[in-house]
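Here's the structure, in structure tokens; my notes come after.
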Amino acid sequence: MEKEDFPNLETRASLCPILMLPNELLTEIFNFYLPPYPTAPKIAGPGSPTYLLGVCRAWRTVVLNSPNLWRAMGIRPKGSADLGRDAGVLRQWLVRSGTVPISLNLILRANEDADPEQAAFVAAVLANRSRWEYFRWRLDWERVHLITGPAPSIVDLNIGTSYQPPSHRQILRLDGATPHLRSVTLWNVGFGASSFEWKRLTTLALVNTDIEDCLTALGQATALIRCKLHMSTAGRQWAPLPGKTILPLLETFIVDGGSSDALDTDIAQVANPSQNWWGQFVLPSLRRLAASYNLLDPPGREALQLLASRSNCRLERLRVLTFAWIDLDFSDYREPVARMWSHVVTDLADADDVASADDEWRYEMYWEPRVDTVEEPHTSLSESHS
């Protein structure tokens, strides 16, 4: 074949105009091809940055020199051979992502007998902790200590592990300044008053946590906008914090303490537990509230009404959390709430939805009324003339 048979750059560009685009613009186009950050793309195949490498030599060069295309990584358990292979691939992604902040979504045990590729990947993840921006890891409870240390770029931390009694849990702590930290989710993970810069948080979810620990965190996290507490391991010694807990910006509050080993038993030792719970808060911005049925008993509803009056908040949504095995008459809750707040939409939902470290509760979709239990808002005469 003669040399002339190979099209030169101008000829190729006329056949494929996209080749004339500046590399910076190509990179932006490739960013739109991938899921929006911080969601991790697939490791291989369409929708992956790896897939772009095989299109042509020019694109390969651009992709390999675009760290932002490699900054979001996710790994889930599959066959052991696949897991080792994927860990090896993602270790390359860590290198290709250069020095930019990264998003990691890992379901990886990180135990000592892990596959060599997995062990090397975990070591690389830990070596890049200064770049953690969105960090989600499900790991063995004995390995939680690996996360403790500095994480100066962290924005969103979500750590979960298998259940252990609170007294056996390793305490997680982020050392040093975390100026960008806004969200923390902990599932079966121990923490203390100095674990985080609590004052920076706008979103907090604590799942399977002692009541005392929850209150300690809330006392410091005064910038919260959203908060979810699942207290299925409530402490046997429970006493409200001295004084009131004031959360001036809190709009969404989910409190689940209805399982058999929590509020029903442990804090039942305290007189009027639901009154004590609501009595310690001032929440002037509260709009959406979900609470377990036992915190919305008659004394609890009375205390909640006092909270709303004391806080001067305008509640819009109230969700009663219960379990399928509990014979609950929803009208026992709906009708008293309607008398207290005629404008509030009330419904019933499964408490099991709260007992996870997922993020669905943060979004409006979670609060869409359950049509089979909804109480539509209605306006009283006094309100209609106001």
5 angstrom amide H check on residue 254, placed H, neighbours 5+ away: 227, 228, 229, 290
Net lengthening on full extension, residue 56/residue 126 (0.36 nm per residue, minus Cα-Cα): 21.8 nm
Residue exposure sequence - 343, 230 - by fewest surrounding Cβ within 10 Å: 343, 230
Taking 340, 365, 73 and counting other C-beta atoms within 10 Å, the order from fewest to most: 365, 340, 73
Sequence of 293, 163, 37 once ranked by neighbouring C-beta atoms within 10 Å, starting from the fewest: 163, 37, 293
FRET efficiency estimate (nearest 0.05) - Cβ-Cβ, residue 39 to residue 282, R0 56 angstrom: 0.95
By how many nm would the segment from residue 76 to residue 222 lengthen if fully extended, with 0.36 nm per residue of separation less the alpha-carbon distance? 49.1 nm
For residue 249 and residue 332 in one chain, what is 0.36 nm times their gap in residues minus the Cα-Cα distance, to one decimal in nm? 26.8 nm
Taking the Cβ-Cβ separation of residue 323 and residue 200 as r and a Förster radius of 51 Å, what is the calculated FRET efficiency to the nearest 0.05? 0.90
Between residue 363 and residue 316, the two model label points (7 Å from Cα along the beta-carbon direction) sit apart by a distance in nm of 1.8 nm
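Laboratory data are not the source of any read-out in this text; all were calculated from the coordinates shown. The model shown is predicted, which means the values in this text are computed figures rather than measured ones. Glycine gets a Cβ as well: all are built from the backbone with ideal geometry, and neighbour counts include every protein chain shown.
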